[in-house]
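To start, the structure itself, in structure tokens.
The values are calculated or read from the model by the stated rules, or taken from the named source; none is laboratory data. Just so it is clear, the structure is predicted and the values come from calculations on it, not from any experiment. No Cβ is skipped: glycine too gets one built from the backbone with ideal geometry, and neighbour counts run over all protein chains shown.
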Amino acid sequence: MDWIDVLLVVARVVAVFALLMGVCTLLVWFERKVVADMQNRVGPDRAGPWGILQTVADGVKLFFKEQVTPRKVELGLYLAAPMLAAVPAFLMFMVVPFGRPFTITLGGEERLVPLQGADLNVGLLYVLAMSSVAVYAVVLAGWSSGSKYPLLGGVRATAQAISYEAAMGLSLVPVVLFTGSMRISEIVAAQSSTLTFLGWNIGFPAWNVVVLAPSFLIFTISAVAETNRAPFDLVEAEQEIVGGFHTEYSGLRFALFFLAEYINMFTMSALAVTLFFGGWSGPAWDGVLPAAVSALLPTVWFFVKVLVFLFIFVWLRATLPRLRYDQLMTLGWKRLIPSSLVWLFFIGGALAVRRFGLPWS
Amino acid sequence: MSEYFQDYVAVAAFAAFGLVLVVLTLGITYLVRPSNPTKEKVTTYECGVDPVGEGWNHTFIRYYIFGLLFVVFDVEAVFLFPWAVAAESLGVPGMIAVVIFILTLLEGLLYAVRKGVLKWE
Amino acid sequence: MDLDYHALAPEIVVAATILLVLGLDVALPRRRKYWTAFAGVVGLTLAAVPLVTLALGGGPGARSMLGGGYVVDDFALVLKAVFIAGGYLVLLMSVSYIESDRYYQGEYYLLLLTSILGSLIMASSRDLITVFVGLELVTGPLFLLAGWRKGDARSNEASLKFFILGVLSTAVLLYGMSFLYGLTGSVTFEGIRTAGAGLLDSGAFRLAVLFTLIGFGFKITAVPFHFWAPDTYEGAPTPVTAYLSVGSKAAGFVGLLLLCYRAFPSVTEIWGPALWVLAALSMTLGNLTALRQDNIVRMLAYSSIAQGGFILVPFAAAAVTNDPLVIQEAASATIVYVIIYAFMNLGAFAVVIEGARRTGTSMIDGWAGMWRYAPRLAVLGAVFFFSLAGIPPLAGWYAKFAMFLAILRPGNPWTAALAVIAAVNAVIALVYYARVGKTMWMDPLPDGASDGERTARPMSGALALALGISVIFVILAGVLPFQLAGVFAEAAKVVTAGI
């Protein structure tokens, strides 16, 4: 590992950061615009063309706002909570590959540059771990505010996040079972071929969703709940508990929670695409198109797929009413967890029969 | 340094970068934002009226019970991941062991349901 | 990884029974819950079958698994038999007691069986990790069981005290174990023995040994680590108390035996004096406090602390000698004592359960004149209490005889002193055990009690079976002690092998 490698790591880190910030800015605008369209409104249209700079304007405003610190807060935890929300959100996206690795020649050596923060061998576990850490931010924010609404929002968030995290973890086991690896790049690679059905190559990409549709469904529901998005936004249900855990936060501290929420939404969409829809894999037409275009096409495919998911996220928010808390818990514990266990049972059995043969033969 | 650690160095770099960025932005706002805490401004928010009692109230015991259940099922998921990776090499005995494991947990969940632990009332 | 399923069969059967009991508890309506007790009893009976086949057809070699960490040899088999038998008796005792409370029957048997499973694992464990897993599996369910009578403040207190001190002792134990692993680089007892021989001068190693012993000191309720015991014993439901004083205690002694004889034979100058002091203190304090108790459960609690002291005595003998025969005899004395103590103490508790049900009190005075309305129970009570005191021809005498033989064998002044202490204590113990007998047989009925109302309620069949089994064992073992000892000597040989 020489200095160029170090430089490449730094470049990757900066690139992922820039990507996240840019995507997040656009995402907020995208959501407002789509929701506005669905509700027959215009939405933001003043800042920049089609109001695309609205988020930037909001950010700048929040940057210069006073950050009120109520007297009753536990200061240390109160200040740490927004950071704890933002940093794991950044970290979670690290392991998601958003394009095909390419090689460049630097310092007289060919070097492989993966378009991914880091390709960990326990990538999937890392994702689950980071999404657990994100819970701390909400809990600590709610508790340290020393106020009733944030406390309620905080405990609600904890119970919700942990309930759906268990379901999410279980829904991902079949993916690992199917691929035989927790490394995200290998999960993508396993989906890049085409499906064979009864000996015929039917030309459809071998996405995990084809076989693991129930897992995908459970994952998507859990992902929406994990990011505290409607219809699972009981954490910050304005009509009931004001702003929930971030009631006592203002200025940039509030903005960090906001940022984290949108980054998480993007990461969850990216994960759904990566784990179930082949990630960046897609036709690149190598040799037909110029090399630069071929190298870029997978990234385009990736973002197109993610965009579909983000649209679904927004669509859900514009359409569905909020769940009641007991419904939320029933869905998590009595529907999702048992069905993911039963599904795991089934898929495990099916794979065992395919691999080891029937027990009596 | 091995390939293995190289990846985690990237993670550490990423975490450090993110932390520095966040702290830096908060630091800059400290310089440019106004700060004018009046007595009313720093009271705890309670829909505009003066706050009643302490902010730290008792909360519903169910939250705690769900927390306990979560530990069981999340740890279970963590046990299942290594098996899923090595399922091929562990073969039929591994498969049987996991089936028993999952059935045991399902029985536990069924027990919780039957005892009304998962009822939110 | 090859598992020997024949060797593991008892554990597998018990585990399957646990799952079955849980399933039954979920499936059955409340008034049919007694089936869970039935399933538990049948399951434990079935678990004893592979023990017999292993003992008869297993061949001489020990079956070793998990890299030597889990071994099924003669020692393990003998102790597993004791644990299963003890658990069986406790289950039988619990049936009518728990049913009369009318709640949480299924969970009760589930937790009790889990604890028994833990003690089975203890008997086979040959490394620190399995010992720890087994020990926690034994004690974990007991924290809950001790607080079973939720409406009773004493029961809650019992559970909480037990829990807090139990966790503390676990922490101390783990601390010692982590030191042991760190210093020797091995978790197996053999590895610790080999590596420990080179660490004699290391202060950290001595500290680690001491911490481990203290951790087990809590589990076997040796003075001065006994504080939780009397309150917990008194507050817990009586069958749970019976199990606490026998099952979990025996599991603790098994751990201590394994550690002292297999892992730490090189550092006898540490654990020898330490256990000498523990034994002397436990016997003396336990007996003196038991003298002053009016509540029979509390008296049995202190008496079990004192009996724990007697069980510790042979360790002190093994520590001062290098003669393998003497050491083997000491180990054998401990095992014999643990086994006989298990049966006679369980029998005594069965008498206490039935006596408390008949008289409605567990105060000793309330039992006056019991022979008039419950002659058979009074006879059984006398048998178990005199056996605990060590009167021939009941089993207790041989337990004490073997213990004295072991402690006198080395001929060292220190061990002789301990023998004197033990002898004095045996006399003190006789006083309070005899007092119960005297109250039952000689004192007049308490005021306001009539014969009629106390005879009206017949004993449950399960409890009668439990009493029958223990009384038969106590008398048989007392009459034919040397045949019994022959079996246990094999077990002792295994424990002390390689010293």
task = Report, ordered by the first and then the second residue, all pairs with beta carbons closer than 8 Å, sequence separation of six or more or different chains, a first member in the range A:122-139 that is farther than 18 Å from A:Met83 by Cβ, and a second member that is assigned to a helix (DSSP H, G or I) and among the acidic types (Asp, Glu).
result = A:Leu128/A:Glu165
inquiry  = Among the residues of the range A:24-38, are any within 11 Å of chain B (Cβ to nearest Cβ), farther than 27 Å from A:Ala189 by Cβ and free of Cβ contacts under 8 Å to residues at least 12 places away in the same chain?
reply    = no
key: Hits in the range A:243-272 (condition: under 8 Å from the mean Cα position of the chain (by Cα) and within 15 Å of B:Val22 (Cβ to Cβ))   = A:Ile263
ask   = If you scan the range B:22-44, which residues turn out to be of a type in the set (D, E, K, R) and more than 7 Å from every other protein chain (Cβ to nearest Cβ)?
value = B:Lys39, B:Glu40
request  = Look at the range C:357-378 and say how many of its residues are part of a helix (DSSP H, G or I) and over 20 Å from C:Thr238 (Cβ atoms).
outcome  = 4
message = Going by what's in this entry, would A:Gly43 be described as modelled with pLDDT under 85, over 26 Å from B:Leu31 (Cα atoms), out of contact with any Lys or Arg (no Cβ under 9 Å at 6 or more places or on another chain) and small (Gly, Ala, Ser)?
response = no
request  = Could you tell me whether C:Met299 is closer than 30 Å to C:Ser460 by Cα and in a helix (DSSP H, G or I)?
outcome  = yes
task = May I ask you to say which residue of A:Ser294, A:Ser339 is at pLDDT below 85 and part of a helix (DSSP H, G or I)?
result = A:Ser294
request  = Give the residue that is nearest to C:Glu354 (Cα to Cα), with candidates limited to residues of the range C:207-222 that are of a type in the set (A, V, I, L, M, F, W, C), within 16 Å of the chain's Cα centre (by Cα) and buried (at least 24 other Cβ atoms within 10 Å of the Cβ).
outcome  = C:Ile220
Verdict on B:Leu80 being touching a residue at least 24 places away in the same chain (Cβ under 8 Å), facing another protein chain (nearest Cβ under 8 Å) and touching a Leu at 6+ places or on another chain (Cβ under 8 Å) = no
inquiry  = Quick check on my filter: what residues within the range B:45-75 are facing chain A (nearest Cβ under 8 Å) and hydrophobic (A, V, I, L, M, F, W, C)?
reply    = B:Cys47, B:Trp56, B:Phe60, B:Phe66, B:Leu69, B:Phe70, B:Phe73
ask   = Conditions: (1) more than 8 Å from chain A (Cβ to nearest Cβ); (2) without any contact (Cβ under 8 Å) to a residue 24 or more places away in the chain; (3) part of a helix (DSSP H, G or I). B:Leu106 meets all but one. Number of the miss?
value = (1)
request  = Would you mind finding the one in A:Ala11, A:Ala80 that is out of contact with any Asp or Glu (no Cβ under 9 Å at 6 or more places or on another chain), at negative phi, free of Cβ contacts under 8 Å to residues at least 12 places away in the same chain and among the small types (Gly, Ala, Ser)?
outcome  = A:Ala11
request  = Determine, yes or no, whether A:Arg322 is over 16 Å from A:Gly169 (Cβ atoms), more than 11 Å from chain B (Cβ to nearest Cβ), surrounded by 13 or more Cβ atoms within 10 Å (Cβ to Cβ) and in contact with a Leu (Cβ under 7 Å, 6 or more places away or on another chain).
outcome  = yes
request  = Report whether or not B:Leu19 is more than 7 Å from chain A (Cβ to nearest Cβ), in a helix (DSSP H, G or I) and aliphatic (A, V, I, L, M).
outcome  = no
request  = Determine whether the range A:88-105 contains at least one residue that is farther than 26 Å from A:Val300 by Cα, out of contact with any Asp or Glu (no Cβ under 9 Å at 6 or more places or on another chain) and surrounded by fewer than 19 Cβ atoms within 10 Å (Cβ to Cβ).
outcome  = no
